Amino acid sequence: MKLASLKSGRDGALVVVSKDLAWCARAGAIAPTLQAALDDWARREPLLRQLSAALEAGEAVRQPFCEQDCASPLPRAYQWADGSAYVNHVQLVRQARGAEMPESFWSEPLMYQGGSDGFLAPRDPIPVVDEAWGCDLEGEVAVITGDVPMGASAEQALDAIKLVMLANDVSLRNLIPGELGKSFGFFQSKPASAFSPVAVTPDELGEAWRGGKLHGALRVDLNGRPLGRADAGVDMTFNFPTLIAHAAKTRNLGAGAIVGSGTVSNRGDDGGPGKPVSEGGVGYSCLAEVRTVETLSLGKPRTPFLKDGDTVRIEMKDAHGQSIFGSIDQAVAQCAGREAASPELLRWRAPRRAG
């Protein structure tokens, strides 16, 4: 089953989406929002699945599905906890800023609590107030949970995963060292993230969902060119049940909690940081890794962070070339602070630059 939230108020309007992402059916009679469905998932999920089956059979009242009309599946959430499950990424990024990596990072997940009071829609611009802050994209996988009790096991955590989606966890790289230096970050360096138009139940993913991981190439493009094609199921040191159990060690997680994988990252065939797509590698899912590899090979980074007018696209396709989640497709828009607070004020500007 595939679900999405059309833009409507703060929390969107829930729709069921066809497998090919061509059609949708409004689900307001079952649950007005995705959060409402998650709050009563045991009762509402079977009804949503019935509507999904009717949509596939052409028996439901339907309308064309337009990703441009979507908010993130949860436009806001009670919890957004992002891990760093790909330790290869952690190692590279810390290496770039001259920080040592403790051995414990290989045995215990890293996680931070991000801002969740408002997410960017998958077609919203990425607002950048100051390019000197070093704005970066981060291609990730994320899951939405049901209620998870404190102290839950990994097995309980796996059962709690209700939906899977993609994420662009925007980072302001040049603000990170100062915040972490205070031993109390992240905060300012982690602005609003965006999620894919569609969230998908694990069973809908078939063999792509196994071992608590999403397997498949995460397609990350920058300005229309391939930046990364890393496989999300490879080199993931901690799977999602492990991440969720880690988050729930000392607290309950409420239905609608979002847990992220961290930047998807694959090692090279030689165990090193890997090569760009243009050189036959799987590339990178963020610019920080690109800059680290450049520093290691060239002595200094050459690729700039995101700037006004750059475009970012994040997507995953199935074995038949069909988009699974729809795409995060954003343009960077330089703005003043008041504009950053109003995506509507930015929306008309970004497509002009993207073109």
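The values are calculated or read from the model by the stated rules, or taken from the named source; none is laboratory data. All values derive from a computational prediction rather than experimental measurement. Cβ coordinates were reconstructed from backbone atoms using ideal geometry, including for glycine residues, and neighbour counts include every protein chain displayed. These accessible areas exclude ligands, DNA and RNA; they are computed on the full protein's heavy atoms, side chains included. Shrake-Rupley method; radii C 1.70, N 1.55, O 1.52, S 1.80 Å.
General remarks:
- Rolling a 1.4 Å probe over the protein chains gives LEU166 an accessible area of about 0 Å².
- Only Lys, Arg (+1) and Asp, Glu (-1) charged, at Cβ; segment 18-167 dipole about Cα centre in debye: 480
- Here the Gaussian network model covers the chain, with springs between Cα atoms less than 10 Å apart; of THR237, THR311, THR250, THR250 fluctuates the most.
- Summed residue charge, Cβ within 15 Å of VAL264's Cβ, Lys/Arg positive, Asp/Glu negative: -4
- The residues LYS275, LYS249, LYS307, sorted by heavy-atom accessible surface at 1.4 Å with ligands and nucleic acids left out, run LYS249, LYS275, LYS307 from largest to smallest.
- For segment 160-222, the fraction of alpha-carbon pairs in successive 10 Å shells from zero, as %: 18, 34, 27, 20, 1
- Label-point gap, in nm, between THR303 and GLU108 - each point 7 angstrom along Cα→Cβ: 3.2
- For the pair LYS249 and ARG94 in one chain, pulling the backbone fully straight at 0.36 nm per residue adds 53.2 nm over the alpha carbon distance.
- With the alpha-carbon atoms of the chain aligned to their principal axes, the span from lowest to highest coordinate is 61, 48, 40 Å, starting with the largest.
- On the principal axes of its alpha carbon atoms, segment 1-148 extends 59, 36, 26 Å, with the longest extent given first.
- Total formal charge among the other residues, if their Cβ is under 11 angstrom from that of HIS320, Lys/Arg +1 and Asp/Glu -1: 0
- Rounded percent of accessible protein surface that carbon and sulfur make up, the chain, 1.4 Å probe: 50
- Cα-based shape type of segment 1-63, given that a ≥ b ≥ c are square roots of the gyration tensor eigenvalues and the cut on a/c is 1.5: oblate
- Average Cα contact separation per residue, the chain, under 8 Å, 6 or more apart, as relative contact order %: 22
- Accessible-area ranking of GLU294, GLU289, largest first, probe 1.4 Å: GLU294, GLU289
- On Cα atoms only, tilt of 287-298 relative to the major axis of the chain in degrees: 30
- Under 16 Å, Cα to Cα: Lys pairs in the chain, sequence gap 8 or more or different chains: 7
- Selection among VAL90, ALA77, PRO32 by position relative to the dipole of segment 1-91 gives PRO32 as farthest towards the positive end (Cβ unit charges, Cα centre).
- A simple spin-label model places pseudo-atoms 7 Å from Cα toward Cβ; at MET101 and MET150 they are separated by 3.3 nm.
- Heavy-atom accessible area per residue - the chain, 1.4 Å, Å²: 43
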